[in-house]
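J.: Quick one: structure below, then a few questions.
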Amino acid sequence: MRLTRPQYVRIIAHCLDGYPYEACGMLGGPLGADLQPTGEITEVYCCRNADESGRTYTVDSRDLLAAMRGAEAAGGDVVGVFHSHTHTDAWPSATDVRQAVDPRWFYVLVSLRHADPVLRSFRIVDGEIIEVPVEVPDLDA
């Protein structure tokens with residue numbers, strides 16, 4: 001999965017801004033001929049956590065609809081979701097696995113457990129967690 005540096009910064013900032021609640025958002029990008037995400041993220045849609053919780057999240061339905069419409073208008077689709085873990089590592093919880101709605105999606109987690117946030121991406125297929133490397137060009141620039 002590929003994020004631009006501004007997209008990475010936007011995700012991290014949204015997660016920090018949402019603290020002490022879990023922050024969340026959607027990811028837009030193109031689909032290949034096989035209807036699978038290509039891995040390129042073209043848009044980050046910051047959303048509200050309707051749960052207003054530090055332990056769970058639900059993407060606000062209006063924000064989800066706006067993300068879906070925005071991704072479609074850009075010629076792509078929603079290809080993933082991100083959220084923060086305020087007190088645990090960037091690894092899908094049992095709840096995250098249970099709520100995974102699309103095996104094609106990228107499930108991006110940002111851990112705020114330590115001073116420096118940690119961002120990781122996964123696919124969740126039939127309950128199996130598969131880590132997907134995240135590329136962010138010029139991250140240290």
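J.: For residue 36, work out the one condition from (1) over 20 Å from residue 15 (Cα atoms); (2) at pLDDT 95 or above it doesn't fulfil.
T.: So residue 36 meets the others, but not (2).
J.: Restricting attention to the stretch 66-111, which residues are free of Cβ contacts under 8 Å to residues at least 12 places away in the same chain, under 22 Å from residue 29 (Cα atoms) and among the basic types (Lys, Arg)?
T.: 69, the sole residue that qualifies.
J.: Among the numbered conditions (1) in a loop (DSSP other than H, G, I, E, B); (2) hydrophobic (A, V, I, L, M, F, W, C); (3) farther than 21 Å from residue 12 by Cβ, tell me where residue 115 comes up short.
T.: It is condition (3) that residue 115 fails.
J.: Give just the number: which of (1) out of contact with any Ser or Thr (no Cβ under 7 Å at 6 or more places or on another chain); (2) surrounded by 14 or more Cβ atoms within 10 Å (Cβ to Cβ) does residue 126 not satisfy?
T.: The failed condition is (2).
J.: Run residue 72 past the list (1) within 17 Å of residue 105 (Cβ to Cβ); (2) under 14 Å from the mean Cα position of the chain (by Cα) and report the number of the one that doesn't hold.
T.: Of everything listed in (1) within 17 Å of residue 105 (Cβ to Cβ); (2) under 14 Å from the mean Cα position of the chain (by Cα), residue 72 misses just condition (2).
J.: Kindly check whether there is at least one residue in the stretch 116-127 that is in contact with a Cys (Cβ under 7 Å, 6 or more places away or on another chain) and aromatic (Phe, Trp, Tyr). Please lay out each step first, then the result.
T.: First pass over the stretch 116-127, keeping only residues in contact with a Cys (Cβ under 7 Å, 6 or more places away or on another chain): 117.
Among the residues that remain, those that are also aromatic (Phe, Trp, Tyr) are: none.
The answer is no; no qualifying residue exists.
J.: Being touching a Pro at 6+ places or on another chain (Cβ under 7 Å) and either of a type in the set (Val, Ile, Thr) or surrounded by fewer than 20 Cβ atoms within 10 Å (Cβ to Cβ) (or both) is the filter; apply it to the stretch 98-122 and report the residue that is farthest from residue 33 (Cα to Cα).
T.: Only one residue fits best here, namely 111.
J.: Just the residues that are of a type in the set (Ser, Thr, Tyr), assigned to a loop (DSSP other than H, G, I, E, B) and surrounded by 15 or more Cβ atoms within 10 Å (Cβ to Cβ), please, taken from the stretch 43-85.
T.: 56, 57, 58, listed by residue number.
J.: Right, next: Being free of Cβ contacts under 8 Å to residues at least 24 places away in the same chain and exposed (fewer than 13 other Cβ atoms within 10 Å of the Cβ) is the filter here; which residues of the stretch 5-25 pass it? Talk me through it step by step, then tell me what you get.
T.: Residues of the stretch 5-25 free of Cβ contacts under 8 Å to residues at least 24 places away in the same chain: 6, 9, 13, 17.
6, 17 - these are the residues of the stretch 5-25 that are free of Cβ contacts under 8 Å to residues at least 24 places away in the same chain and exposed (fewer than 13 other Cβ atoms within 10 Å of the Cβ).
J.: Please indicate, with yes or no, whether at least one residue in the stretch 26-42 is free of Cβ contacts under 8 Å to residues at least 40 places away in the same chain, part of a helix (DSSP H, G or I), aliphatic (A, V, I, L, M) and out of contact with any Gly (no Cβ under 8 Å at 6 or more places or on another chain).
T.: no
The values are calculated or read from the model by the stated rules, or taken from the named source; none is laboratory data. Given the structure is predicted, the values throughout are model-derived calculations rather than measurements. All Cβ positions, glycine included, derive from the backbone under ideal geometry; neighbour counts span all protein chains shown.
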